[in-house]
Every structure is written in structure tokens, then in C-alpha cells.
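The values are calculated or read from the model by the stated rules, or taken from the named source; none is laboratory data. Just so we're clear, the structure is a prediction, and the values are computed from it rather than from any experiment. Here the Cβ positions follow ideal geometry from the backbone for every residue, glycine too, while neighbour counts run over all protein chains shown.
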Amino acid sequence: MREKPLVDLSQYLPILLFLGVALAISGAFVVLPMIVNRLTGTAKPNPDKLAEYECGFPAFEDSRAQFDVRFYLVAILFIVFDLEAAFLYPWAVSLGGIGLTGWASMMLFLVELGIGFAYAWKKGALDWE
């Protein structure tokens, strides 16, 4: 008499197929551009291909140079107020369904952001010298 296995491994076949397809597709996305690059000759550098194209002038210092902390402060403030806008739109769309509680919680959120904005302004984070 044959014993029944503890785990039916055929249940894992769809998962293994999914992983196989995912690995094949991701491998193709990595390998195919390299093959096309070699076949089309774009891998052969020349001075025109190596020229600066984003800003139009050659880099004048090391790319690992330290930035002023104000760049980071402005970036953080941008993210905070960008997230505020991302929260305001769905809140405005669903305002009729969430009632007074939703309105009050958003007003509290806006007051907190306003306090943070006033604090950043007072500390000079928005001043650029």
C-alpha cells in the first residue's frame, strides 16, 4: 500500500511557473539591451558620445562634492507640501461622505502643516542667500 505524501507538491506548480516567467522576463530586460547595444555599435565611445548633454557645459568639479544643507531642507519641505497636496485632493473628493469628523481632522492636519511652515520660515529654511 502506498502512503500519501505529507504535502501535495502539485499545488506549488502555479507559483513555480509564475517565478519562472518572472525570472525569464526580468532576465530578458537585463540581457536584451546589452545584446542590442553590442550589435548596433553604440558601445564604441567617441568624443561626441562622451560629451556633456544635460547642462551643456563640462563639469567643473568633482561629482562627489558636498552640497549645502539648504538643498536638502528645500527638498524636504517640497516633499512635505507635495504630500499635503496629495492628501487634500482625495479628502476634497470624499468630503461629502466623511462628514464633520473628516473635515475636523483635515483642519487639524492643515494647522499642523501651517505651524511647520511658519517654523521653517522663522528659522530661515526658505531664505536663499
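Numerical summary
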item: Unmet requirement for residue 97, which otherwise passes all of (1) at pLDDT 85 or above; (2) surrounded by 10 or more Cβ atoms within 10 Å (Cβ to Cβ); (3) not basic (Lys, Arg); result: (2)
item: Residues within the range 77-94 that are closer than 27 Å to residue 125 by Cα and surrounded by 11 or more Cβ atoms within 10 Å (Cβ to Cβ), tallied; result: 7
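So that you can scan it fast, the table gives a plain yes or no per residue for (1) of a type in the set (Gly, Ala, Ser); (2) part of a helix (DSSP H, G or I); (3) in contact with a Phe, Trp or Tyr (Cβ under 6 Å, 6 or more places away or on another chain); (4) modelled with pLDDT of 85 or more:
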position: 38; (1), (2), (3), (4): no, yes, no, no
position: 45; (1), (2), (3), (4): no, no, no, no
position: 65; (1), (2), (3), (4): yes, no, no, no
position: 73; (1), (2), (3), (4): no, yes, no, no
position: 83; (1), (2), (3), (4): no, yes, no, no
position: 89; (1), (2), (3), (4): no, yes, no, yes
position: 122; (1), (2), (3), (4): no, yes, no, yes
position: 128; (1), (2), (3), (4): no, no, no, no
